[in-house]
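The values are calculated or read from the model by the stated rules, or taken from the named source; none is laboratory data. This one's a predicted model, so the numbers in the text were calculated from it and none came from an experiment. Please note: Cβ atoms are built from the backbone with ideal geometry, for glycine as well, and neighbour counts cover all protein chains shown. Side chains are part of the model used for accessible areas, which takes the heavy atoms of the whole protein and leaves out ligands, DNA and RNA. Shrake-Rupley method; radii C 1.70, N 1.55, O 1.52, S 1.80 Å.
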Amino acid sequence: MAEPWLQARSLRRVYRRGPSEVRAVDGVDLDVARGEFLAIVGASGSGKSTLLNLLAGLDSPTGGSIRVAGQELTALDRRARASYRARRVGMVFQTFNLLVHHTALENVELALAFNGAPRRDRRARARAILARLGLVDRLDHWPGGLSGGEQQRVAIARALVKEPEVLFADEPTGNLDEDNSLQIAALLGEFNARGLTVLMVTHDLALARGSARRLVRMHYGRLAEAPAWEAP
Ligand SMILES: Nc1ncnc2c1ncn2[C@@H]1O[C@H](COP(=O)(O)OP(=O)(O)OP(=O)(O)O)[C@@H](O)[C@H]1O
Ligand SMILES: [Mg+2]
């Protein structure tokens, strides 16, 4: 079998606070194939965000290995890691993290500034992805003038405008009502159907079941494969 697109082995992230330590990620093995839609569920504090941040290259592990397309992520220098984040990875956060003094269009366009896209292409690409996410009438709105669901769609546009290989979504529906949550999940499903690899962290088991094709459960920093029919 071909090597999976992403492969984590014995991955650990320990936070030290004085004499005590928190093993937020405690020996995780995970294989993700290209084109998968994987949901990671688990209780608050089980290490889901920590794991996602490690895989996205936002944080460095205490131990273990992460291979991406055959390359060891933990061996990359700062610059190469920044390039991995800017070009290959899209990230969506629970709290949207939009720049409040920039319009929807600017927020999306700025993602391309770090990605090496030619300046003249950036605006057109940003417009196109926002239009595709149903935001063509909202280009000039500031985040404060958008609903939660709209803000999250802008954040998704910002992550996807780079045409990343993988989307890491940390509780992308955590601040949305049920209708908007279903919309966002459907949207991620559509992009996944077109080949985008998606890793979504969520508290919402029903949402995970409805959208992801594979479910894993995090428990005290460890990961276990969870059959889709498992009881909550
Ligand atoms: N910067 C930090 N310093 C110290 N401990 C931390 C830090 N970040 C996270 N932790 C601890 O690591 C553990 C895992 O946190 P993490 O944020 O990954 O959990 P989570 O599963 O994403 O939770 P939630 O569902 O509430 O978002 C928690 O016990 C948390 O308190
Ligand atoms: Mg979290």
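Structural remarks
- Backbone amide hydrogens, once placed in the peptide plane, bring TRP5 within less than 5 Å of VAL32, ALA33, ARG34, excluding anything fewer than 5 places away on its chain.
- Peptide ranges 47-53, 178-184, 24-30 listed from the most packed, as the mean C-beta count within 10 angstrom indicates: 47-53, 24-30, 178-184
- Region 1-74-region 149-196 distance, computed between alpha-carbon centres (Å): 21
- Charged-residue dipole, Cβ positions (Lys, Arg, Asp, Glu), the chain about Cα centre, Debye nearest 20: 840
- The residue among THR95, LEU110, LEU215 whose Cα reaches farthest toward the positive pole of the charge dipole of the chain, with charges on the beta-carbon of Lys, Arg, Asp and Glu, is LEU110.
- Per residue, in Å², the accessible surface of the chain once ligands and nucleic acids are set aside, probe 1.4 Å: 50
- Between GLU171 and VAL201, THR202, the built amide H atoms are under 5 Å apart, and every one of these is 5 or more places off in sequence or on another chain.
- Karplus-derived HN-Hα couplings along region 80-94 (A = 6.51, B = -1.76, C = 1.60, θ = phi - 60°), whole Hz, x at Gly and Pro: 5, 5, 5, 5, 4, 5, 6, 10, 9, 10, x, 10, 10, 10, 4
- Rg and Dmax over the alpha-carbon atoms of region 23-88 stand at 12.3, 34 Å.
- Helical mean residue ellipticity (222 nm; -39500 (n - 2.57) per DSSP H run of 4+; nearest 500) of the chain: -9500 deg cm²/dmol
- A cut-off of 5 Å between modelled amide H atoms, ignoring neighbours fewer than 5 places along the same chain, links ARG222 with ASP26.
- Solvent-accessible area assigned to carbon and sulfur over region 6-225 amounts to 47 percent, based on a 1.4 Å probe.
- Hydrodynamic estimate: the Kirkwood radius of region 6-225 over Cα pairs, inserted into Stokes-Einstein at 20 °C and 1.002 mPa s, corresponds to D of 121 µm²/s.
- Considering all different alpha carbon pairs of region 61-138, the Kirkwood hydrodynamic radius works out to 14.6 Å.
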